[in-house]
Structures are given as C-alpha cells and as structure tokens.
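Below: one structure, written as structure tokens.
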Amino acid sequence: MESFESHQASSSEMRAFTWLVLLVQLLGLSGVIMVAVWMGHFRGGFAWQSNPDLEFNYHPLFMVIGMIFLYGDAILAYRVFRNDNKLYIKILHACLHVSALIFASVGLKAVFDSHNLAKDPKPNLYSLHSWLGLTTVILFSSQWVIGFVSFLWPKVGMGLRRRLMPYHVFFGVAILCFACATCLMGITEKAIWSMPKDYSKKPAEGILANCLGLILVAVVTLIVYLVSRFEYKRPPSPEEEHLQISDE
Ligand code: HEM
C-alpha cells in the first residue's frame, strides 16, 4: 500500500505548486481579458437581444469564464485548500461549479439567440464545435448533479463515496479537456469566418485569437498536471484511512 507520508510534498515541491497555481490564475485571467478585447474591441462590443450579432459576443466570453476559468478553479480548490475543513472545500467546489454553469448557460443562450433572432436566421447545431460543446455542457451538468448527491448528501456512505471518487476525478478532468477542445474549435471558426480574406495575412485580431487558444491550452495542461501529481492530493481523513485499511 502506498502511504501518504512517503508522498508528502517537500518544501520545494510546495513552492513549485504555489507558483504553478499563481501561473494558472494569471494565464486564466489573461485568457478572459483577451477574449473580452477580441469581442469588445475587434468584434464591435456587446448587446443583448436588441442586436443578435453583438449578442453572440457574450458567447465566447462567458464560455471561457465559466467552462475554463471558474471550472478550472473549482477543480484546483481541492488541491489549494487540501489541509482545510473538507466540508467548506466541498461547498466552495460546488459553488464554483454552479457559477461556471450559470455563465455557461447565459453563454449558450447568447449563441442560440444570435442564430434564431438574426434577420436571416442561421441553422442550429450543425458544427462539430456545437456538438462537442453541447455534450460537454450536458456531461458537466450531470457530473455536478451526481457529485452533489454522492458527496454532499449526508446519507451516502463513505464506502460508496470512495468507490465513486476515481470516476468523479477522471470525468472532471476529461470534461475540462473537452471544454478546451470545444473552445479551440470555436476560436478557429470565429477567426476564419470573421476575417475570411485577412486571417492568412496574420492581422492583430488573428494573432490575438491564436494566442488566446494557446493560453487556454496552457491553463488546462497545468491544471491536469497539478491534479495528477500524488504529492498535491489531499491526505485522507482518519475515517477514510480506516476504510482503506479495512478494505485490504
Ligand atoms: C466550452 C465552451 C463552449 C461551448 C460549450 C460552446 C457551445 C456552442 C454551441 C452549443 C453552439 C451552437 C449554437 C447553435 O447551434 O445555435 C456554439 C456555436 C458557436 N460557438 Fe461556441 N461554445 C464554446 C466556446 C466557444 C468559444 C470560446 C468560441 C470562440 C469564439 C465559440 C464560437 C462559436 C461560434 C462561432 C458558433 C457559431 C457556429 C457554430 O454553431 O459552430 N464558442 N457554441
């Protein structure tokens, strides 16, 4: 059996952890600012249903805030506060998920409105981006409901929680990767359609869109790295350790 003591992070590993978490925040915020500048400055700004073209611009902004930045932080909460009261962290984790879901829902409403309310309405759900995007949001919502019932509902026993946890962690990380892939496709579609003649000439808008994509890849890669390192995991509570021993 692998003991937690033998895998406790050394002080240099803890320093690296802190710097990497700060880097994720910095890159995540840069991504949010870049998508806001892209839509706000290069694509005409934001409006709600009065102007469907400008309503679209909320879509990328809210999807990046919700499905990358807030969702990424929800995943990291367990690692960052791993020595604090577990119930508080569970509540923080669940609240960050809910905020992510609210942003994602408004972002989706914006894109559907922008198609349906346009003078010449556009078809819905034809692209790979939209198919993977919808799958991602459905999986994300299901993961939230299953996670809420399994880990916050007091009647569910520790044994079942322990068995479900690896699946919860796996799907949590997989869904974040799907969100990243969806964003990359959305960014590419938007860049090509907005600059049909100029994208290949490397205009400022095109460079900004490409850098945004690279930053999202960096954020998600760092989060996957931090989540997969054993040293940064939360040590099991005495109750969980007891269960582990009696299972063997
Ligand atoms: C995880 C994040 C995202 C999800 C879940 C998502 C989901 C969707 C969905 C479901 C649609 C279809 C709407 C309809 O058919 O009426 C759509 C459309 C679109 N999205 Fe996203 N999106 C995400 C991020 C982005 C980003 C970052 C961009 C960047 C600009 C973007 C650009 C577009 C574009 C251009 C369309 C219209 C064309 C199409 O239907 O493919 N999306 N998105």
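Each reported figure results from applying straightforward, stated rules to the coordinates on display, with no laboratory input. Quick caveat, the model's predicted, so the values are computed rather than measured. Glycine also receives a Cβ, built like all others from the backbone with ideal geometry; neighbour counts cover every protein chain displayed.
Assess whether LEU87 counts as being part of a helix (DSSP H, G or I) and more than 16 Å from the ligand (Cβ to nearest atom).
Considered against the rule, which asks whether it is part of a helix (DSSP H, G or I) and more than 16 Å from the ligand (Cβ to nearest atom), LEU87 comes out as yes.
For the stretch 189-224, give me the residue count where each residue is surrounded by 14 or more Cβ atoms within 10 Å (Cβ to Cβ) and basic (Lys, Arg).
The qualifying residues number 1.
In a helix (DSSP H, G or I), within 11 Å of the ligand (Cβ to nearest atom) and of a type in the set (Gly, Ala, Ser): is that true of ALA77 in this structure?
Against the criterion (in a helix (DSSP H, G or I), within 11 Å of the ligand (Cβ to nearest atom) and of a type in the set (Gly, Ala, Ser)), ALA77 does not qualify.
Can you report the number of residues in the stretch 100-130 which are in contact with a Phe, Trp or Tyr (Cβ under 9 Å, 6 or more places away or on another chain), of a type outside the set (Val, Ile, Thr) and either near the ligand (Cβ under 7 Å from one of its atoms) or within 30 Å of TRP153 (Cα to Cα) (or both)?
Count: 10.
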